[in-house]
Amino acid sequence: MKQNMSPAAPSLLTGIIEDFACSTDFGSVLVDIRGIENSNLYNFSPFCNLMRSSPEFRHLCQKCDLYGGLEAYKTGQPSIYRCHAGLTDISLPIVQSNQLSGFLLFGQVQVTDEENSNYTSIQTINTDWMNSANLRQARNKVKLVSSKQVESAASILREISQFHTRDVNPRDQIKFNVKSKKPSNQQEKVSNNEEIRKALTYIQKNLSRPITLEEVANQVYLSQYYFSKLFKKEMNINFVTYVNQRRIEEAKKLLVESSLSIETISRNLGFSQPSYFIKTFRSMTSSTPANYRRDHSA
C-alpha cells in the first residue's frame, strides 16, 4: 500500500469501488496524489489495460488521472473529462482528516451523445497509439454509454466518496485551525505572487502527509524547475526547509495543546520516521520535542 492512502482507505473504499465497477460495467481505480495507481484496476477494459501496459501511454493515463482529480479537488464536485485517448472518466478527491490523500476514478467509456456534453478534453501531447492495430481493435470495443449514464454515475460517486471520512483512530485526527495558546516566534512571510500564495495554501492543507516539490508545482501549473526558483525568490527559503518549518510550527502547537504521543505527531505531520522528526525539530528549535512539551505546557 502506497504512502498517500491512510490504512483505513483500502478497507473502506476498494470493496465499494469493485462492486460499483462490476454493477455498472465501468472501470475503476484509486490513485494517489501523483496519479499513481493505489489499488487494483477494477473492470478495466482491454483497451485501457493495453494502454497501461506501455510505459509511455501509462504515464499519459496517470497524468490524466491527476488532472481530473485536481480539477475535482478545486471545485469540490465530480470532474467529468475526456482522457488523452478520448474516453470519458469521472474523478473525485479522497480527503481524510481534511487532507487530500488521493482520488477515486471511474469510467473509461465512450459517450454516444458527445454533442450534448461539454466534458473537458485533456490534450497532453500527440500520441501514436492509433498506429497499433491491437489498440485500434480494442478501442472499438470500449463500452458505449449516454451522457445521462455518466452523470448518474458521477452522482453516485459523490455519495461513495463520503465513506472515506472515518479515521483509524479518531483520537489521532489533526485539525490545523486550532488557535495556539502561545504566539509563534516565527512570522511567516507573505508573497504577492498568486501562484506562490496558492502553493502556500496547498502546503498548509497537506502538512499531514508527505508532499513533494513536483506535486505542489503541478498544483499551481508551473514547471518544477521554475516553481523551485520562484519559491526561493519569493520566500527567501527553499521549498523543503519551508515545509519543515511549517510542520514544526504545527508540532509545537500539538505538543503543548494535545496529549498525542511524539510518534503520533511525527506520523500525522508527514515525517517518515520519528527520529527524523526529532532531528528536524531540534535543528529548528534547539530543543527536543519532549523537552519543548515539558517547558511550554501549563
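The values are calculated or read from the model by the stated rules, or taken from the named source; none is laboratory data. On a predicted model such as this, the values are computed, not experimentally measured, just so you know. Neighbour counts are summed over all protein chains in view; Cβ atoms, including those assigned to glycine, are modelled from backbone coordinates with ideal geometry. SASA here: full protein model, heavy atoms, side chains in, ligands and nucleic acids out. Shrake-Rupley method; radii C 1.70, N 1.55, O 1.52, S 1.80 Å.
The single condition from (1) assigned to a helix (DSSP H, G or I); (2) modelled with pLDDT of 85 or more; (3) open to solvent by less than 10 Å² (accessible area, probe 1.4 Å); (4) of a type outside the set (A, V, I, L, M) that Arg58 fails is (3). Pairing each residue of the range 138-155 that is surrounded by fewer than 17 Cβ atoms within 10 Å (Cβ to Cβ) with any residue that is assigned to a loop (DSSP other than H, G, I, E, B) and among the β-branched types (Val, Ile, Thr), provided the two are 6+ apart or on different chains, yields C-beta distances under 8 Å for Leu144/Thr112; Ser146/Thr112. Of all residues in the range 222-248, those that are among the small types (Gly, Ala, Ser) and over 16 Å from Tyr202 (Cα atoms) total 1.
Restricting attention to the range 275-298, the residues that are assigned to a helix (DSSP H, G or I) and either touching an Asp or Glu at 6+ places or on another chain (Cβ under 6 Å) or not hydrophobic (A, V, I, L, M, F, W, C) (or both) add up to 14. Taking Ser28 as the residue in question, decide whether it is over 18 Å from the mean Cα position of the chain (by Cα), open to solvent by less than 70 Å² (accessible area, probe 1.4 Å) and of a type in the set (Ser, Thr, Tyr). No. Checked against the criterion of being outside any helix (DSSP H, G or I) and either in contact (Cβ under 8 Å) with a residue 40 or more places away in the chain or within 25 Å of the chain's Cα centre (by Cα) (or both), the candidates Ser272, Ser259 yield just one match: Ser272. Could you go through the range 217-231 and let me know if any residue there is out of contact with any Gly (no Cβ under 9 Å at 6 or more places or on another chain), closer than 22 Å to Ser272 by Cα and open to solvent by 70 Å² or more (accessible area, probe 1.4 Å). No, the range 217-231 has no match at all. Elements of the type helices (runs of 4 or more DSSP H) sitting completely within the range 187-253 and holding at least 1 residues that are without any contact (Cβ under 8 Å) to a residue 60 or more places away in the chain, out of contact with any strand residue (DSSP E or B) (no Cβ under 6 Å at 6 or more places or on another chain) and under 15 Å from Asn268 (Cβ atoms): these cover 194-205.
Right, Lys198: under 28 Å from Tyr67 (Cβ atoms) and open to solvent by 10 Å² or more (accessible area, probe 1.4 Å) or not? When the stated conditions are applied, Lys198 passes them. In the condition set (1) among the polar types (S, T, N, Q); (2) closer than 29 Å to Ser191 by Cα; (3) in contact with a Ser or Thr (Cβ under 9 Å, 6 or more places away or on another chain); (4) open to solvent by 50 Å² or more (accessible area, probe 1.4 Å), Thr212 is compliant with all but (3). Note on the range 41-53: residues that are of a type in the set (S, T, N, Q) and either open to solvent by less than 30 Å² (accessible area, probe 1.4 Å) or in a strand (DSSP E or B) (or both) total 1.
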